[in-house]
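Some notes on the structure that comes next.
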Amino acid sequence: MNQHQKVGVLLVQLQDALEQHGYWQPTPPSEDKLASTEPFAIDTLSCTEWLQWIFLPKMQFLVEHNFPLPQAFSISPYVEEALKGAEGGQAITQVSVDIDALFSHASQ
C-alpha cells in the first residue's frame with residue numbers, strides 16, 4: 001500500500017470516529033467561520049468542525065488527485081487537548097496520532 005492509500009484509510013477512520021461519536025455535522029459552518037486564518041481555525045471552529053470541514057477535505061483532495069502530501073505535521077497534540085474528556089475524544093485522538101505517525105515516518 002502506498003502513502004496515498006495509507007492516508008486514505010486513516011482519513012476514512014477519522015471520519016468514522018467523528019460520525020460514531022456524534023460530531024459529524026450535515027451542514028457546514030458559515031463561509032466566515034471557514035475563512036479563519038488562525039491555526040486550526042481555533043478562533044471560529046471547534047476541533048471536530050476543523051477536522052470535518054478543513055482537514056479532511058484538504059487531505060482527501062490531495063489523496064484523490066495523487067498530489068504531493070505534506071512532509072511532516074502534527075495535529076494530534078491539538079486534537080488531544082481540544083477533546084480531553086469529550087465523548088469519543090480518545091478514539092478521535094488515536095486516529096490523529098496514527099496520521100501524525102504516518103507523516104513522521106514519511107519525512108525520515
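Worth a mention:
- Among (1) assigned to a loop (DSSP other than H, G, I, E, B); (2) of a type outside the set (A, V, I, L, M); (3) surrounded by 14 or more Cβ atoms within 10 Å (Cβ to Cβ) - the single one Ser96 does not satisfy: (1)
- Qualifying residue in the range 59-71 (condition: β-branched (Val, Ile, Thr) and touching a Lys or Arg at 6+ places or on another chain (Cβ under 8 Å)): no
- Residue match in the range 12-21 (condition: over 11 Å from Ile92 (Cβ atoms) and surrounded by 14 or more Cβ atoms within 10 Å (Cβ to Cβ)): no
- Among residues of the range 54-78, those that are assigned to a helix (DSSP H, G or I) and over 19 Å from Ala91 (Cβ atoms), counted: 8
- Single residue of Gln90, Gln71 found to be of a type outside the set (Phe, Trp, Tyr), surrounded by 13 or more Cβ atoms within 10 Å (Cβ to Cβ) and over 11 Å from the mean Cα position of the chain (by Cα): Gln90
- Pairs with Cβ under 7 Å, 6+ apart, first in the range 49-75 and within 19 Å of Pro26 (Cα to Cα) and of a type outside the set (A, V, I, L, M, F, W, C), second open to solvent by less than 80 Å² (accessible area, probe 1.4 Å) and not in a loop (DSSP other than H, G, I, E, B): Gln52/Leu18; Gln60/Leu11
- Looking only at the range 26-53, and only at residues there that are among the aliphatic types (A, V, I, L, M) and assigned to a helix (DSSP H, G or I), the one that is most open to solvent (accessible area, probe 1.4 Å): Leu34
The values are calculated or read from the model by the stated rules, or taken from the named source; none is laboratory data. Just so it is clear, the model here is predicted, and its values are computed rather than measured. Glycine also receives a Cβ, built like all others from the backbone with ideal geometry; neighbour counts cover every protein chain displayed. These accessible areas exclude ligands, DNA and RNA; they are computed on the full protein's heavy atoms, side chains included. Shrake-Rupley method; radii C 1.70, N 1.55, O 1.52, S 1.80 Å.
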